[in-house]
Amino acid sequence: LAKTTQPISMDSYEGQEVNITCSHNNIATNDYITWYQQFPSQGPRFIIQGYKTKVTNEVASLFIPADRKSSTLSLPRVSLSDTAVYYCLVGDWTGGFKTIFGAGTRLFVKA
Amino acid sequence: GAVVSQHPSRVICKSGTSVKIECRSLDFQATTMFWYRQFPKQSLMLMATSNEGSKATYEQGVEKDKFLINHASLTLSTLTVTSAHPEDSSFYICSASPPGTGANINYGYTFGSGTRLTVV
């Protein structure tokens, strides 16, 4: 299982772009990178997943360099409701791997 | 999309009693489900892997006799906290992976909304 390292916390202001980087130096060939968002007293919610290069959906972008040893979740123009904990997970989802959560990044968006 | 339902969302029980938490995959079959525990301000901690039709696999340090897991069907896994004590008070979450998805369209695991257990 690829271990992940993220900043413990980040602060931002409404309307700004937020970039959260995750390190996963021992990522394996079949591993995908998935980001989740968790609000207090709720289960994690899928945000975005990628394998390499860049992935974009309606809520975020995911940038993955060629060596895949890190990834960056980009949240455009955050709002107060984006205040949450963000987790980066790495693994071979098709293989039914165990999801081991790191500490995650606590994002606090200020008005 | 894939939905995982957990019930109850919150429960209060007396010390020494047992509590059952249900995790259902509503629109897909899940041969494997996972159970987590989360304490305040902490990350999710994987407790066990629930396998349909076979025994659950517990993580190191998790008492299998205290946290009974039953995965009797492809859409239901249950976690029973036996002889609950105040230190078992926590937020319990389950997850499952929709099957039949290739790596290029896989969206990882779907999580339930969690169960807040308070033992008094």
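The Cα-based radius of gyration and maximum Cα-Cα distance (Dmax) for the stretch A:9-110 are 13.3, 40 Å. Extension gain for the segment B:His85 to B:Lys41, taken as residue separation times 0.36 nm less the Cα-Cα distance, is 13.8 nm to one decimal.
Calculate the dipole size of the stretch A:9-110 relative to its Cα centre from +1 charges on Lys and Arg beta carbons and -1 charges on Asp and Glu beta carbons; express the result in debye to the nearest 20. The calculation lands at about 120 debye. Between the beta carbons of B:Thr31 and A:Lys3, assuming R0 = 22 Å, the FRET efficiency works out to 0.25 to the nearest 0.05. Here the Kirkwood formula, the inverse mean of 1/r across different C-alpha pairs, assigns the protein assembly as shown a hydrodynamic radius of 18.2 Å.
Among B:Glu52, B:Glu87, sorting on how many other beta-carbon atoms sit within 10 Å of each Cβ, with the fewest leading, yields B:Glu87, B:Glu52. State, to one decimal in nm, how far the label point of A:Phe63 lies from the label point of B:Glu59, with both points 7 Å from Cα in the Cβ direction. Here the answer is 3.2 nm between the modelled labels.
With 25 Å as the limit, write out which pairs from A:Lys98/B:Lys20; A:Lys52/B:Lys55; A:Lys98/B:Lys41 have Cα-Cα distances beyond it, or answer none. Listed pairs above 25 Å: A:Lys52/B:Lys55. Going by neighbour counts of Cβ atoms within 10 Å, the residues B:Thr82, A:Thr29 line up, fewest first, as A:Thr29, B:Thr82. Summing charges over neighbours of A:Asp82, with a neighbour being any other residue whose Cβ is under 15 Å away from its Cβ, gives 0 when K and R count +1 and D and E count -1.
Every number here is computed from the coordinates shown, using simple stated rules; none is lab data. If you're wondering where the values come from, they're calculated on a predicted model, not measured in any experiment. Positions of Cβ are backbone-derived with ideal geometry, glycine not excepted, and every protein chain shown enters the neighbour counts.
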